[in-house]
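Quick notes on the structure that follows.
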């Protein structure tokens with residue numbers, strides 16, 4: 001048992017050393033990086049990095065909105081789902097990089113491209129921390145660009161000029177998209193008189209509406225408008241939110257998703273919500289406390305009494 005523990009500790013220490021070496025001296029890292037040996041090691045490194053990314057994002061959310069049962073379940077679910085998605089997408093992304101480097105004249109194989117891609121993910125946790133400050137996420141994009149050019153020169157033994165052109169265009173496009181997203185969130189904060197404390201950015205990420213911040217309502221679908229309405233209601237961090245039939249105009253599947261998202265957000269932000277709804281299936285599934293009322297009028301009609309139970 002002790003031997004197994006020592007092996008695991010040694011293995012994780014080697015992963016940490018790899019990440020530090022890439023961050024501190026990328027040229028030396030790529031120069032000594034094995035170009036073959038299978039995909040298992042770089043894939044495992046990729047998964048460990050993704051798990052750390054999810055933990056950092058969740059920690060940021062917990063600091064901003066507090067810890068909740070839903071938040072913890074979302075974190076553990078996100079760790080599993082994100083790992084699977086990233087592993088699958090990594091094969092496609094490595095294929096694209098392999099094609100790009102081959103087009104530039106590289107003689108290296110697909111495995112080398114996959115290893116470059118996987119180990120570069122060591123910078124993502126640092127980039128996540130940088131992105132907590134508006135616009136500093138641009139440094140993470142610039143860092144990725146530098147690593148791509150370095151890998152092109154050192155690993156693939158190609159001149160820097162074509163790499164500067166190809167990966168420079170990609171970095172500029174990603175940077176513009178990031179800049180537009182952050183600027184839109186800041187503008188929304190200022191227009192609504194909200195503090196720029198990251199709440200709007202967090203809500204737009206949860207609600208998947210960040211790309212719609214600069215659009216008019218008529219350009220949004222019904223479901224998107226519903227998610228925007230939830231964001232507007234919660235952005236001020238009110239003590240109580242009263243939602244009158246919040247899913248009335250949606251189809252059953254979308255309605256269930258929106259209702260679950262609303263309840264998750266108000267629990268995470270410690271907000272009381274009162275919902276008027278006929279969707280009893282959603283209410284029961286989410287375990288919401290149900291209130292009912294009846295009104296009694298006196299015989300003379302002068303006194304009306306409303307009793308709320310639940």
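Before moving on, here are some points about what is shown:
- Residue 133 satisfies every condition listed in (1) in contact with a helix residue (DSSP H, G or I) (Cβ under 8 Å, 6 or more places away or on another chain); (2) surrounded by fewer than 17 Cβ atoms within 10 Å (Cβ to Cβ) except (1).
- Within the stretch 251-295, the set of residues being surrounded by fewer than 14 Cβ atoms within 10 Å (Cβ to Cβ), in contact with a strand residue (DSSP E or B) (Cβ under 8 Å, 6 or more places away or on another chain) and at pLDDT 70 or above comprises 272, 274, 276, 291, 292, 294, 295.
- The single condition among (1) in a helix (DSSP H, G or I); (2) closer than 18 Å to residue 119 by Cα; (3) modelled with pLDDT of 80 or more that residue 35 does not meet is (1).
- Scoring residue 98 on the criteria (1) under 30 Å from residue 181 (Cβ atoms); (2) out of contact with any helix residue (DSSP H, G or I) (no Cβ under 6 Å at 6 or more places or on another chain) leaves a single failure, condition (2).
- Qualifying position, being at pLDDT 75 or above, over 17 Å from residue 272 (Cα atoms) and surrounded by 12 or more Cβ atoms within 10 Å (Cβ to Cβ), among 227, 205: 227
- Helices (runs of 4 or more DSSP H) lying entirely in the stretch 90-167 (those with 1 or more residues that are modelled with pLDDT of 90 or more): 110-120, 137-154
The values are calculated or read from the model by the stated rules, or taken from the named source; none is laboratory data. What you see is a predicted model; the values in this text were computed from it and never measured. When we count neighbours, we look across all protein chains shown, and the Cβ atoms used for this are built from the backbone with ideal geometry, even at glycine.
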